[in-house]
Amino acid sequence: MRVKRFVGDNVTDTMSKIKKDLGPEAVILQTRQIKEGGFLGFFARTKVEITAAIEEKIQPPLDIAAGLESLEIAEEHNRHINSDVIKKAYEAYRDKENENTWKNEAKSELTEYANLEIKEMHSILKEIKGHLDNTDYQIQAESKPYRDWKDYLTEQGISSGLSTNLLNQLKMKLSDDEWKSSDAVISALTNEVSALCTNTTTIRPRKTKTLVVAMVGPTGVGKTTTIGKLAAGFSIIERRKVALVTADTFRVAAVEQLRTFGEIIGVPVEVVMTPDSLKEAIDHHRDKELIFIDTAGRSPQHDLHMSELDAFLKKAQPDMTMLVTSVTTSFADQIKVFDKFKPIATHLILTKLDESYSLGSILDLLVTTNLPVAYLTNGQNVPDDIDAATSEKLTRYVLGKGIQNG
């Protein structure tokens, strides 16, 4: 056994030194408060001294499974040692507190000093005990099935924090026997995820008034292709009167692509250059049930571009503004995009689901943005590779079963 003394300014500082030097399995042997420095007993600084020990580690066996089992047994043994030693130390200092208080009752100044010392020591021990209790609770909570399921969720792309929240919900609902059943856990997990995916809404054209839908988002997320899919679906399949308007004059290819879509499906396409001409194009097509507006991809880091987009939308006054975002974009970047488009976006469209193997970040996006999801796209084929978002479909994608079974 390796024994070492550590000194720090406070408990947290000293415990960090122990963890860094000896590791989290270190055993607390003794804790006390000491004075360092000063002159003739004055101006000394109060320090925390903790004596800790660690068992020398044995070379793990070649049998990996047996090695892991031995490690778990050793960890369990050390946790018991930690708990027993802290409890004994805590009780000893409580006895010391009572003894010192009794002996020094007649000496008011010494009593006050002693009580102060004991209270500080009492506080130190409670803090250490709290550290240990939290560690014990975490270890108890993260049993092997718990860790296995958390690994599964994070592998799907769900953040560690959201994975923990989901599993903690399950722990309150499942028995120990149910935790051992994969079917029971996946069923309960599916219910929890599904409950977070219920915020969905699709486009519903109306006969009495034109519905104006604008598509916004950064470059390269598939806005123009998505408009083509939706326009084809509503025009050909649902027999709705549709018009397309593009304000994406930054890309010639986008204009030509939308014109081609319009010719194929037989709907008018107008190209506008200014916010006023956009307003005129919308007024011109008030006889249509549905008008789709394609906007230029805007960098959320470019304030001028965002201001120009805002000017177009103020003139258009769309009924729905769909923020189109690609699931292949990192979650951190998706949130930055959302923060910039949040003042104008009313719904989400998630694209390129076929290009990612881990779609769990969708759940983090839904929880963080709280915007209803309208559509999901999973390919380039027009008008086929698009689905109306539902709780069931989102849940399958999040849990890794979307492309296989969707």
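The values are calculated or read from the model by the stated rules, or taken from the named source; none is laboratory data. None of these values were measured; they are calculated from a predicted model. Backbone-built Cβ (ideal geometry, glycine too); neighbour counts: all protein chains shown.
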Is the stretch 369-390 home to any residue that is assigned to a helix (DSSP H, G or I) and surrounded by 23 or more Cβ atoms within 10 Å (Cβ to Cβ)? no
Residue under question is ASP364, and the condition is that it be in contact with a helix residue (DSSP H, G or I) (Cβ under 7 Å, 6 or more places away or on another chain), modelled with pLDDT of 90 or more and farther than 22 Å from ILE227 by Cα; does it hold? yes
Helices (runs of 4 or more DSSP H) wholly inside the stretch 163-239 that include at least 2 residues being of a type in the set (Ser, Thr, Tyr) and touching a residue at least 60 places away in the same chain (Cβ under 8 Å): 182-195, 223-232
Conditions: (1) farther than 16 Å from ASN199 by Cα; (2) more than 19 Å from the chain's Cα centre (by Cα); (3) among the basic types (Lys, Arg). LYS393 meets all but one. Number of the miss? (1)
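Conditions tested, residue by residue: (1) out of contact with any Asp or Glu (no Cβ under 7 Å at 6 or more places or on another chain); (2) of a type in the set (Ser, Thr, Tyr); (3) in a strand (DSSP E or B).
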position	(1), (2), (3)
LYS288	yes, no, no
GLU308	yes, no, no
PHE312	yes, no, no
LYS315	no, no, no
PHE338	yes, no, no
ALA345	yes, no, no
LEU350	yes, no, yes
